[in-house]
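Written out below as structure tokens is the structure these notes cover.
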Amino acid sequence: MNASAPAEVKMKVKVRRGDRVFATSTVVAGSLILALLAATAIFLVVESLPALSANPKLLPGAPANVWAYVAPLAFGTVWAGLLAMLIALPLSIGIALFITHYAPRRIAQALGYVIDLLAAVPSVVFGLWGIAVLAPAVLPLYDWLVKTLGWIPLFTGPVSATGRTILTAAIVLAVMVIPIITALCREVFLQTPVLHEEAALALGATRLEMIQVAVLPFGRSGIISAAMLGLGRALGETMAVALVLSPALVINFALLTSNNPSTIASNIALTFNEATGIGLNALVTTGLVLFVITLIVNLGARYAVNRRKAFSGAN
Amino acid sequence: MNLKRYGVAVAILATAAISLTACASNEAAPAATSTSSATSTPATGTLNGSGSSAQANAETAWVAGFQEANPAATINYASVGSGAGVAAFISGGMQFAGSDAALTDAQLAGTFTGCAAGAKGIDIPNYIAPIAVAFNLKGVKTLNLDATTIANIFNGKIKTWNDPAIAADNPGVTLPATAIVPVHRSDSSGTTNNFTDYLAKAAPAAWPQAANNVFPYPGEAAAQNAGVASAAEAAEGSIAYLEASNTGTLSVAKLKVGSTYVAYTPKAAAAVVDASPLVASREANDLAFNIDRTTTAKGAYPLVLVSYFIACQKYTDPAVASLVKAYASYVTSPAGQQVAAKSVNSAPLSASLTAKVATSIASIK
């Protein structure tokens, strides 16, 4: 006892070099991400100041002021993201539930691999697919929607002749975010305590009721986080939207016409190359707005997750 | 196990390195055994330029042709867009620029950091690309249009193909009642700038907008020439403006010039540049053109994009100056122009313009 006690004390005091190096490197990594974020924010603010104070006549399209230029783009970004989430979220939850609770183990595993593979396809490929395959394929459906449901503001005509509408772009975005949301939801659903599920079943619940009372409430905060990560990807997606969408600087809820609100990221990609002077600053201003939108989305997600933590069943 | 994993990483890196270097030396391009244009003593050194994406494919062919004739010389051209290219040239980051627009008076009033003290940049036309008005309409292969009709189609006033305004230009052609789908570029481009410049000057009443890189009206839009072409091919009744080499399966309209209708040809595109005046009050060796969109010269096609090779009047380093001169001479020589015409269907400079350009290049010090 006596012999080993001093040794123990000594071991506690001595910090090995490897430990110290590792601890320092994690601190550096952690602060680096903050520094990067700050650097980006500073760049965006500094570079967008000239556009805020400039004569609006010099801005692209000569709008009334810089916000008249940014507003349609901000609207388009959020609108395309929301449409994509409306399509992707139910699908992803369905796929994740199928994998975790319905499919035989081998099919579930294979399906999981396929979903992950989808996440590895570069966005420009999705864009080309959107133009070459999706747009012509959905055109007859769009035609029908405008003809029969044209009285609903969402489906007013004239229908786009090429199918490159905001709805097509939203479908492409949905396909791109499905892998992310599905993968996260799958992990969350797998964490559901087996005791909860078995308790529900023992009380006479069907499988659907078991999912309703045990799996979904437990996974709610996880689903929200997954959705927000997916939304973040959809908001920032550039190439696919730039390729697929037929954009215009408008605020417009119509889903099937040629005049679609453009998104911030795709607008930057399309006009950056030939932009000069104040036009360049205006583009950075839109980037700043996207930065703020993303920040709000993330804070909202954090808030929603925290608020629901008490009911998640994890405690 | 670990060794194996590293092996894979190394292999990937090696492949990447090889494919990257393969891209860098443009030897594989379909160019040009035209060694005749090379200067008597092979040029040496490295030249960096950037700018117009319209010129990019032509530059690739030129760089390959030039480096083949001058193995000791390296030319790098980055397609970053005209605006960025000119900015990089003015700030001295690049030794030359490719630009779809000539230097502005404001730019010429400033200092060119990359040039010798007091020297300015000069514009040398090196790339003429006809812009085609192409359409996709079942049963109609030829179409005559005047500028006002085109303007009214693209601003949305004319909505169907059997509109009297179109019929008036096309006696004897049966036009269907198909809706017109005008397709424009969604990205900012010199092609749009030249197209809107043409409409603003040739049809000011129907097109009360100044020339702009961004298309001013709503409508169907797609990115890049290729995107516009595929959108137009997909939509029945579409009409689009695009660089002539991209028309693919689309039919091409003739434009009204004076009292006749002119189809785009390389010769007709070069002819309008010859018929156009130079921008006033510039240095004698600055060949910035004010393209005459309302020309009535016989056989001239006024809807063209003229892109410039922008160089310094005087460089601080004579070695750079001689390399710029050698490269610019090759690019604007008949052989160089043929290389571009073959690979991207540009319109070779006319003989008289070639002579003017040669004088201008010779004045670079």
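The values are calculated or read from the model by the stated rules, or taken from the named source; none is laboratory data. As the structure is a computational prediction, the values presented were derived from the model and not from experiment. Backbone-built Cβ (ideal geometry, glycine too); neighbour counts: all protein chains shown.
So here's what we get for this one:
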item: Some residue of the range B:181-193 being farther than 18 Å from B:Val214 by Cβ and either within 14 Å of another protein chain (Cβ to nearest Cβ) or in a helix (DSSP H, G or I) (or both); result: yes
item: The listed residue being more than 14 Å from chain B (Cβ to nearest Cβ), surrounded by 17 or more Cβ atoms within 10 Å (Cβ to Cβ) and not acidic (Asp, Glu), out of A:Ile131, A:Ile178, A:Ile107, A:Ile152; result: A:Ile178
item: Identity of the residue in the range B:211-225, touching a helix residue (DSSP H, G or I) at 6+ places or on another chain (Cβ under 6 Å) and more than 7 Å from chain A (Cβ to nearest Cβ), that ends up surrounded by the most Cβ atoms within 10 Å (Cβ to Cβ); result: B:Phe215
item: Residue under evaluation A:Gly204, criteria (1) crowded, with 20+ Cβ neighbours inside 10 Å; (2) free of Cβ contacts under 8 Å to residues at least 12 places away in the same chain, criterion not met; result: (1)
item: Yes/no for B:Gly248 being assigned to a loop (DSSP other than H, G, I, E, B), touching an Asp or Glu at 6+ places or on another chain (Cβ under 9 Å) and not charged (D, E, K, R); result: yes
item: Test: A:Ile296 is in a helix (DSSP H, G or I), of a type outside the set (Gly, Ala, Ser) and within 16 Å of the chain's Cα centre (by Cα); result: yes
item: From the options B:Ala177, B:Ala165, B:Ala206, residue that is assigned to a loop (DSSP other than H, G, I, E, B), touching a Ser or Thr at 6+ places or on another chain (Cβ under 6 Å) and free of Cβ contacts under 8 Å to residues at least 24 places away in the same chain; result: B:Ala177
item: Residues (without any contact (Cβ under 8 Å) to a residue 40 or more places away in the chain and under 17 Å from A:Ile99 (Cα atoms)) located in the range A:207-218; result: A:Leu208, A:Met210, A:Gln212, A:Leu216
item: Residue satisfying all of: in the range A:15-29; surrounded by fewer than 10 Cβ atoms within 10 Å (Cβ to Cβ) and small (Gly, Ala, Ser); modelled with the highest pLDDT among these; result: A:Ala29
item: Those residues of the range A:30-70 which are of a type in the set (A, V, I, L, M) and surrounded by 16 or more Cβ atoms within 10 Å (Cβ to Cβ), in sequence order; result: A:Leu44, A:Ala51, A:Ala54, A:Leu59, A:Val66, A:Val70
item: Answer residue from the range B:93-145, given it is in a loop (DSSP other than H, G, I, E, B) and assigned by TED's automatic domain parsing to the domain that holds B:Ser251 and is surrounded by the most Cβ atoms within 10 Å (Cβ to Cβ) among those; result: B:Leu143
item: Residues of the range B:226-249 satisfying the condition of being within 14 Å of another protein chain (Cβ to nearest Cβ) and hydrophobic (A, V, I, L, M, F, W, C); result: B:Ala226, B:Val228, B:Ala229, B:Ala231, B:Ala232, B:Ala234, B:Ala235, B:Ile239, B:Ala240
item: Selection count where residues are out of contact with any strand residue (DSSP E or B) (no Cβ under 9 Å at 6 or more places or on another chain) and within 24 Å of B:Ala129 (Cα to Cα), scope the range B:90-104; result: 1
item: Pair list, Cβ under 8 Å, 6 or more apart: the range B:71-82 residue at the interface with chain A (Cβ under 9 Å from one of its Cβ atoms) and farther than 16 Å from B:Gln95 by Cβ, other residue among the acidic types (Asp, Glu) and part of a loop (DSSP other than H, G, I, E, B); result: B:Gly81/A:Glu274; B:Ser82/A:Glu274; B:Ser82/B:Asp100
item: Index of the failed condition, A:Gly112 passing every other in (1) buried (at least 18 other Cβ atoms within 10 Å of the Cβ); (2) under 22 Å from A:Thr238 (Cβ atoms); result: (2)
item: Search result, residues across the range A:236-263 that are part of a helix (DSSP H, G or I) and surrounded by fewer than 22 Cβ atoms within 10 Å (Cβ to Cβ); result: A:Gly236, A:Met239
item: Filter result (polar (S, T, N, Q) and in contact (Cβ under 8 Å) with a residue 40 or more places away in the chain) within the range B:95-121; result: B:Gln95, B:Ser99
item: Subset of the range B:87-103 [of a type in the set (A, V, I, L, M, F, W, C) and more than 8 Å from chain A (Cβ to nearest Cβ)]; result: B:Ala88, B:Phe89, B:Ile90, B:Met94, B:Phe96, B:Ala97, B:Ala101, B:Ala102, B:Leu103
item: Number of the exception - B:Ala311 against (1) closer than 30 Å to B:Gly92 by Cβ; (2) part of a helix (DSSP H, G or I); result: (2)
item: Some residue of the range A:265-275 being within 21 Å of A:Val159 (Cα to Cα) and at the interface with chain B (Cβ under 9 Å from one of its Cβ atoms); result: no
